[in-house]
Amino acid sequence: MLERSHLADNALQALHDEDYDVPFNTQSLNHDGLVFMGGRSVTGLDGDWTFCVDLLDTGLRQKWFAMLPEAPEDRAEPWDYDPYMGETVPVPSNWAMLKEKWYFFEGSAWYTRPLDLDDVDETKRQFLRFGAAAYDCKIFLNGEFIGNHYGASTPFCVELTGKLKNGRNWIMACVNNTRTRDRVPMRNTDWFNYGGLYREASYFETPKSLIRDFFLYLVPDGTYSSLRAEVTVDGARSGSAIVSIPELGVDAEIVLDTEGRGTADISARPDLWSPETPVLYDVSVSCGEDGITDRVGFRQIERRGTEILLNGVPLFLRGISVHEDDAVLGKVTSEADLRRRFEHASELGCNYLRLAHYPHHERAAEIADELGFLLWEEIPVYWAIDFENPATYRDADNQLKELIKRDRNRASVIIWSVGNENPDTDARLTFMKGLAETCKALDPSRLTSAACLVNHAQNRIEDRLAAHIDIIGLNEYFGWYEENFEDLAAIGENSNPDRPVVISETGADGVIGEKGPERGLFSEAYMAEVYVRQIATLRALGYIKGMSPWILYDFRVERRQNIFQNGYNHKGLIAADKKTKKKAFHILADYYREIAARDVEARKAS
Ligand code: GCU
């Protein structure tokens with residue numbers, strides 16, 4: 001409960017203790033605490049929260065979270081922030097997008113709101129869920145520290161059972177987006193360091209025994225006749241769960257072990273999910289008083305030699321990379337923003353998107369399931385990472401597990417990527433090989449990859465991590481960062497990969513209209529020329545089974561400040577207005593139309 005916060009008692013401690021944050025850096029809110037959300041009713045906590053930036057962490061030092069909501073005139077002590085009144089911001093949002101004074105703010109910021117409960121049901125369990133908080137989030141309830149989450153783009157749940165009171169409770173979140181050496185990503189990224197509670201916040205209850213996790217997939221054995229259901233029930237010491245898929249006549253029992261876990265193989269022959277036939281089945285799971293639902297598609301993705309096969313048919317991934325970035329919303333994605341993204345991808349002729357460089361909003365994979373797009377999902381093990389640091393590995397491993405548990409029932413997700421453009425060192429190899437193994441341990445139904453770099457010393461595709469991932473993602477920028485274009489063809493001939501290669505990035509900046517030069521670097525004309533030459537070279541390399549050029553839309557980034565960039569990366573095929581298409585858009589669309597027609601003919605012939 002709230003004890004009176006004696007600022008005076010704490011005043012000198014608050015000035016002299018530089019380990020003030022240690023008790024709150026617990027990373028105690030992690031993938032183990034996730035609750036499966038399909039079908040649960042929740043109380044939304046979006047809307048205005050009281051807000052204050054706190055660059056010097058005065059809040060943790062002075063323990064703002066322990067202050068009582070007294071009327072200002074009754075206070076005996078001078079507060080430096082008033083959690084209960086003052087400036088407010090909408091949740092979800094990124095503070096950078098709300099006020100000029102917060103654009104480049106990096107540090108802690110406090111969010112506070114009341115949670116009014118008439119009658120806390122003691123036969124139930126109570127939770128908060130945050131879709132994402134960038135980057136480090138410390139949660140307080142009624143003056144008590146509850147837990148800490150690391151990671152800017154994955155959901156986390158906060159159990160409040162036994163700590164809530166009837167009437168007004170106070171929730172506080174201290175969110176810190178400071179870039180540090182031990183983070184994932186580290187300090188240097190080519191995307192804007194948005195901070196804040198930027199995805200939905202909610203409150204929900206469950207029975208004492210609750211379904212924490214549920215995974216349902218087509219057993220990838222080529223028979224297309226067996227589904228595997230895995231369930232974890234927290235609070236059950238035996239018994240069973242029932243999985244129902246009415247359209248398949250399935251009502252299957254999963255017997256639980258003493259840990260509340262169970263697995264069952266279920267005979268069924270579902271219509272297979274694919275971009276052309278995005279069939280989804282209504283699924284429900286019940287166990288005791290708890291029940292959850294989901295809509296699941298069944299498909300098999302595999303690689304054979306350098307081929308990628310979907311449901312046994314070879315596939316070329318006609319893709320595009322996307323960031324979560326909006327001129328107005330920042331990293332907040334709305335339903336409309338997501339659906340516009342898929343509409344543009346469809347106009348481009350895509351069957352595939354690379355959701356770079358971090359887990360996107362969960363609605364992205366849900367919509368891709370409905371519309372029929374294949375997805376590469378990724379954790380932000382990006383560029384330099386403190387690969388020797390066990391705490392950094394724990395952070396990356398947790399973000400990966402939170403992503404996989406959140407999205408592994410999504411048929412559209414076919415690839416888990418464990419990173420992007422990392423140096424080929426021993427420490428990095430150990431670190432990322434471990435992450436790739438975690439993908440397979442948690443999910444045998446998908447392929448693994450990472451966006452690797454060309455080995456310029458050998459002038460070929462070569463990266464020690466390649467032996468530990470199913471698909472070699474390759475970022476190459478011939479025509480932009482690498483000037484001699486001829487090397488790309490040479491790399492093609494010098495390389496003989498034993499698994500599929502997907503060009504995970506290629507492209508060039510092109511600034512449209514009068515803001516850009518007529519010709520040369522940063523002109524739209526030169527960008528178009530790079531696409532023409534890239535396509536002409538890549539189409540000749542048989543082991544390339546897909547591409548996701550960089551990138552669908554121009555996006556905001558601090559490090560791009562020349563006279564053409566103005567704080568934006570202009571490699572988008574569409575400008576930041578998410579309307580104006582550049583010449584290169586049509587060049588790529590023509591190529592994808594040709595590839596799609598070729599694949600239709602190949603399927604007919606097979
Ligand atoms: C890199 C990186 C991207 C970056 C891009 C660029 O390959 O993966 O995050 O934005 O190149 O330089 O535009």
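The values are calculated or read from the model by the stated rules, or taken from the named source; none is laboratory data. What you see is a predicted model; the values in this text were computed from it and never measured. In this analysis, Cβ positions are derived from the backbone assuming ideal geometry, glycine residues included, and neighbour counts consider all displayed protein chains.
Here is a yes/no grid of residues against (1) closer than 18 Å to Arg303 by Cβ; (2) outside any helix (DSSP H, G or I); (3) more than 15 Å from the ligand (Cβ to nearest atom):
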position: Ala427; (1), (2), (3): no, no, yes
position: Gly434; (1), (2), (3): no, no, yes
position: Lys440; (1), (2), (3): yes, no, yes
position: Pro444; (1), (2), (3): yes, yes, yes
position: Glu462; (1), (2), (3): no, yes, yes
position: Ala467; (1), (2), (3): yes, no, yes
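Tell me the residue from Asp397, Asp407, Asp369 that is touching a residue at least 60 places away in the same chain (Cβ under 8 Å) and among the acidic types (Asp, Glu), please.
Unique residue meeting the criteria: Asp369.
Across segment 381-414, what is the total count of residues that are buried (at least 23 other Cβ atoms within 10 Å of the Cβ), within 16 Å of the ligand (Cβ to nearest atom) and under 29 Å from Leu315 (Cα atoms)?
1
Filter segment 515-566 down to the residues that are farther than 23 Å from Trp191 by Cα and of a type in the set (Asp, Glu), then identify the one that is nearest to the ligand (Cβ to nearest atom).
The residue in question is Glu529.
Would you be able to tell me the number of residues in segment 498-516 that are surrounded by fewer than 19 Cβ atoms within 10 Å (Cβ to Cβ) and modelled with pLDDT of 95 or more?
Adding up the residues that qualify gives 1.
From the list Ala66, Ala96, which residue is at pLDDT 90 or above and hydrophobic (A, V, I, L, M, F, W, C)?
Ala96
Residue-wise test of (1) under 30 Å from Glu388 (Cβ atoms); (2) within 16 Å of the ligand (Cβ to nearest atom); (3) buried (at least 19 other Cβ atoms within 10 Å of the Cβ).
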position: Lys138; (1), (2), (3): yes, no, yes
position: Gly151; (1), (2), (3): yes, no, yes
position: Lys165; (1), (2), (3): no, no, no
position: Asn176; (1), (2), (3): yes, no, yes
position: Asn193; (1), (2), (3): yes, yes, yes
position: Tyr203; (1), (2), (3): no, no, yes
position: Arg212; (1), (2), (3): no, no, yes
position: Leu218; (1), (2), (3): no, no, yes
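Only residues that are more than 16 Å from the ligand (Cβ to nearest atom) and among the hydrophobic types (A, V, I, L, M, F, W, C): list them for segment 498-513, please.
The answer is Ile512, and nothing else.
Conditions (1) acidic (Asp, Glu); (2) surrounded by fewer than 24 Cβ atoms within 10 Å (Cβ to Cβ); (3) within 16 Å of the ligand (Cβ to nearest atom), marked per residue:
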| site | (1), (2), (3) |
| --- | --- |
| Ser334 | no, yes, no |
| Leu338 | no, yes, no |
| Ala345 | no, yes, no |
| Asn351 | no, yes, no |
| Pro359 | no, no, yes |
| Ile367 | no, yes, no |
| Leu374 | no, no, no |
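Of the numbered conditions (1) of a type in the set (A, V, I, L, M, F, W, C); (2) within 28 Å of the chain's Cα centre (by Cα); (3) part of a loop (DSSP other than H, G, I, E, B), Cys52 satisfies every one except a single condition; which is it?
(3)
Quick check on segment 476-489: of everything there that is surrounded by 14 or more Cβ atoms within 10 Å (Cβ to Cβ) and away from the ligand (no atom under 16 Å from the Cβ), which residue is nearest to Arg539 (Cα to Cα)?
Only one residue fits best here, namely Ala489.
What tally of residues in segment 255-297 results from selecting those that are more than 30 Å from the chain's Cα centre (by Cα) and either free of Cβ contacts under 8 Å to residues at least 60 places away in the same chain or buried (at least 18 other Cβ atoms within 10 Å of the Cβ) (or both)?
Qualifying residue count for the region: 8.
Kindly establish whether His357 is in contact with an Asp or Glu (Cβ under 8 Å, 6 or more places away or on another chain), under 30 Å from Asn25 (Cα atoms), touching a residue at least 24 places away in the same chain (Cβ under 8 Å) and not hydrophobic (A, V, I, L, M, F, W, C).
So His357 passes the test.
So Ala133 fits all but one of (1) surrounded by fewer than 21 Cβ atoms within 10 Å (Cβ to Cβ); (2) closer than 20 Å to Arg556 by Cα; what number is the exception?
(1)
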